[in-house]
Amino acid sequence: RSRLEVDAIFQNIIYEDTVTSTQQVAYKLLGEGAPHGTLIVANEQTSGRGRLGREWYSPANTGIWMSLIMRPNIEMQQTPQLTLVAAVALARAIKEATNYDVQIKWPNDLIFNGKKIAGILTEMQSDPDRVKSVIIGIGINVNQQTFPESIANIASSLSLETRETFHRVAIIEHFLREFQWLYHTYLEKGFSFIKPLWEARAISIGEEILAKTANGELKGVAEGISDEGVLLLKDSEGNSHRIYSADIHLLEK
Ligand code: BTN
């Protein structure tokens with residue numbers, strides 16, 4: 001099964017000029033039976049979506065907006081690991097294509113000079129206990145020269161930070177190669193192989209953070225991720241917490 005999955009990945013790449021959201025296109029294709037590994041890439045999104053219902057600024061000609069349809073043979077609680085695999089692949093791809101190092105902020109923001117330059121939105125469709133499909137949406141700010149005022153202090157692009165321009169297709173190519181390899185390795189060897197690669201690029205590990213979860217806020221030191229990909233946080237009383245979903249803020253020292 002894993003052999004076939006890997007062989008089938010990225011056989012089907014669809015390019016669109018303008019879409020509402022590549023996630024939306026992916027849902028439609030999923031309903032039409034699109035195979036595992038189908039990738040949708042768009043030049044522009046008119047209503048790009050971020051995590052937690054936010055908008056994702058996706059202007060034409062400058063960024064990479066893409067969604068990957070997967071039909072993985074994994075358990076439901078493994079889905080966060082898939083996102084972490086994608087984050088590692090993306091960080092490595094950016095390094096290979098641009099020679100710049102980016103960092104990962106749990107769960108899946110890519111950070112450059114303290115600003116967010118890429119994000120991952122993973123959406124899962126499942127039966128009660130089985131993953132049916134996963135859509136991994138990836139947005140990379142590559143060549144934008146400006147950002148809306150509302151996000152200008154937290155978001156940036158590779159180009160703004162380096163004063164260079166980059167070839168978007170080259171970044172995509174590197175990502176596909178890295179993701180294919182890492183996903184294959186993940187299926188064969190497990191998440192324990194991915195975890196150190198993720199932790200090596202992680203920005204918030206060992207730091208004091210504020211985690212804003214649906215159930216409230218938690219302050220403490222981020223200790224690392226568990227073997228499942230869950231964030232481990234230790235509060236000032238020494239209690240350990242497992243964070244499944246949150247917005248993470250680094251606290252100033
Ligand atoms: C985040 O909030 O950090 C996740 C951002 C994900 C953006 C990408 S762009 C391609 C895909 N289509 C969307 O509408 N969103 C994702």
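Values as computed for the structure displayed
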read-out: Selection count where residues are among the β-branched types (Val, Ile, Thr), surrounded by 13 or more Cβ atoms within 10 Å (Cβ to Cβ) and either on the phi > 0 side of the Ramachandran plot or within 12 Å of the ligand (Cβ to nearest atom) (or both), scope the range 7-60; value: 6
read-out: Some residue of the range 39-51 being among the polar types (S, T, N, Q) and under 20 Å from Ser133 (Cβ atoms); value: no
read-out: Residue match in the range 147-166 (condition: closer than 30 Å to Gly37 by Cα, in contact with a helix residue (DSSP H, G or I) (Cβ under 9 Å, 6 or more places away or on another chain) and not in a helix (DSSP H, G or I)); value: yes
read-out: Yes/no for Leu29 being out of contact with any Asp or Glu (no Cβ under 7 Å at 6 or more places or on another chain), outside any helix (DSSP H, G or I) and modelled with pLDDT of 95 or more; value: no
read-out: Criterion violated by Gln78 - all others in (1) part of a helix (DSSP H, G or I); (2) near the ligand (Cβ under 9 Å from one of its atoms) satisfied; value: (2)
read-out: Subset of the range 111-126 (residues that are touching a residue at least 60 places away in the same chain (Cβ under 8 Å), under 16 Å from the mean Cα position of the chain (by Cα) and more than 14 Å from the ligand (Cβ to nearest atom)); value: none
read-out: Tabulated pairs, the range 230-244, first modelled with pLDDT of 90 or more, second surrounded by fewer than 11 Cβ atoms within 10 Å (Cβ to Cβ) and among the polar types (S, T, N, Q), C-beta under 8 angstrom, 6+ apart or interchain; value: Leu232/Ser240; Leu233/Ser240; Lys234/Ser240
read-out: Whichever residue in the range 192-226 is among the aliphatic types (A, V, I, L, M) and in a helix (DSSP H, G or I) and, among such residues, is surrounded by the most Cβ atoms within 10 Å (Cβ to Cβ); value: Ile194
read-out: Test: residue in the range 189-196 that is touching a helix residue (DSSP H, G or I) at 6+ places or on another chain (Cβ under 9 Å) and closer than 30 Å to Pro59 by Cα; value: no
read-out: Qualifying residues in the range 127-142 (those that are under 21 Å from Ala89 (Cβ atoms) and part of a loop (DSSP other than H, G, I, E, B)) - the one farthest from the ligand (Cβ to nearest atom); value: Val142
read-out: Residue in the range 182-191 that is in contact with a Gly (Cβ under 9 Å, 6 or more places away or on another chain), surrounded by 13 or more Cβ atoms within 10 Å (Cβ to Cβ) and in the same structural domain as Gly114 (by TED's automatic domain parsing) present; value: yes
read-out: Residue count for the range 214-245, restricted to those that are touching a Phe, Trp or Tyr at 6+ places or on another chain (Cβ under 9 Å) and among the basic types (Lys, Arg); value: 0
read-out: Failed item in (1) part of a helix (DSSP H, G or I); (2) at pLDDT 95 or above; (3) under 18 Å from the mean Cα position of the chain (by Cα), with Ile69 passing the rest; value: (1)
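Conditions tested, residue by residue: (1) more than 23 Å from Glu223 (Cβ to Cβ); (2) at pLDDT below 95; (3) out of contact with any Phe, Trp or Tyr (no Cβ under 7 Å at 6 or more places or on another chain); (4) not assigned by TED's automatic domain parsing to the domain that holds Gln180.
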{"residue": "Gly48", "(1), (2), (3), (4)": "yes, no, no, no"}
{"residue": "Gln77", "(1), (2), (3), (4)": "no, yes, yes, no"}
{"residue": "Val85", "(1), (2), (3), (4)": "no, no, no, no"}
{"residue": "Arg92", "(1), (2), (3), (4)": "yes, no, yes, no"}
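The values are calculated or read from the model by the stated rules, or taken from the named source; none is laboratory data. No experiment lies behind these values; they were computed from the predicted model shown. All Cβ positions, even for glycine, are placed from backbone atoms using ideal geometry, and neighbour counts span all protein chains on display.
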